[in-house]
1. Quick one: if the Förster radius is 22 Å, what FRET efficiency do GLU368 and ASN326 give, using the C-beta to C-beta distance and rounding to 0.05?
2. Between LYS72 and THR196, what is the label-point separation in nm under the 7 Å Cα-to-beta-carbon projection?
3. Only residues of the range 88-102 count here: report those whose backbone N is under 20 Å from the spot 7 Å along Cα→Cβ of GLU161, or say none.
4. Can you list the HN-Hα couplings for the range 167-184, worked out from phi with the Karplus curve (6.51, -1.76, 1.60; θ = phi - 60°), rounded to whole Hz and with x for Gly and Pro?
5. GLN119's amide H: which non-local residues (gap 5+, or another chain) put their own amide H closer than 5 Å, with H modeled 1.01 Å from N in plane and none for Pro or chain starts?
6. Given points 7 Å out from each Cα along the Cα-Cβ axis, report the MET130 to SER100 separation in nanometres with one decimal.
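Laboratory data are not the source of any read-out in this text; all were calculated from the coordinates shown. As the structure is a computational prediction, the values presented were derived from the model and not from experiment. Reconstructed Cβ throughout: ideal geometry from the backbone, glycine too, with neighbour counts over all protein chains shown.
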Amino acid sequence: MLSECTGKYSLVVQGGGQKGAFAAGVLDTFIAANYDPFSLYIGTSAGALNVSSFVTKQPGLGLDFIINYTTKNRFFDFHRLMHKQQAAMDLDWAFQFVHSGEFPLDIKKGAKNLGSDKQALACVTHVEEMKDYYFPIFSEQWYDVLRATCAIPMLYHQEIEIDGAKWVDGGVTATIPVQEAYRRGACNIVAITTETMIGETQKPHFSLSSENLDKIKLDLSRGIEPYIQRFSSRSATAAPHKTSQARSKAKQISEQFLARVNQLQAQHHFPKLDSIPKNWLPDTEKLSEMLAHQSQKMNFKAHTPRTVEMLFNHYMNHSAISGFMNKPPEGVNLWEITPRKPLSCSGLMSHKDDIFADYESGVLAGKEFLCKVNHSK
């Protein structure tokens, strides 16, 4: 990775769905303090939306979107996963409010604030190449760019087409795009993350072997059950007579995916990876959501599907990013703003109280960072 280091500052913001409330709190604090030394802004998924509202200097927009729209059943409904041809996530419905709701994103102001010297980019994944690309946010294509960076595979009903190619969630290939900031010449990088990356003990790696796939299957079996419990409890509240049927269907879905892992194990059709981190598995809820929709769409007797490859890729890239952040290239200054304790939110289906608590944690983290900046002057 080569870069001609410059003195410019870059802001990099991780996504994470509703966990983005933390970054929203940090950036609203920056706006209040008039702190913006950056000339390059890069965000992935929800991080791109937070970057957008920071550039436009619209405090509260990120939190408003997460707490008032992503918590609605219209935005995400697990029940829709139980029916073929229905997507669980309705990005189109949610993003209409970003476009023309009560609190719309001010695209013209954002472009004006950037001028000709600054860039604000959203990370997206090229479906065929399985590679991260970076599109300008404040352009004529802004609506499709923001939808693309948030289009979680298997949850949203389609891949987003831009310039003749198909794109999905940038988190598949770059959860925290610090490496891209460096590639673009930034040697002073501020990264807002949803969990600590810098200073953590590097986790050992292991090869993809038959023994380790057995471990993955066991972890999946244990991990999916709590989500089924939560889903079923909600089903019971809404329609008690459907609870047993819903639990049975959800378990069937998880068993289908485990059968697919068995097939991979037998046929040795592993993704082309030397190793994967032991903590490669996603949080229980997001994994369950992805697998559920996947089971409706794919033929489990086929060769390794692109969607499974995306799943592996999504969690493999996190390890490479961790290595970069803990041992950045010579001359690179990298500051991480991260929660002091695990966030209360999950990626989806979080309670509003938890979202607001994470936002407040972000406000506190932003203030602490600014204090350090002021003391270093």
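1. Details: r = 21 Å, r/R0 = 0.95.
Calculated value: 0.60.
2. With each label placed 7 Å out from Cα toward Cβ, I get 3.8 nm.
3. 91-93
4. Working through the residues one at a time gives 9, 9, 2, x, x, 4, 10, 7, 5, 10, x, 5, 5, 5, 4, 5, 4, 8 Hz.
5. Amide H neighbours of GLN119, under 5 Å, 5+ apart: LEU40, TYR41.
6. 4.0 nm
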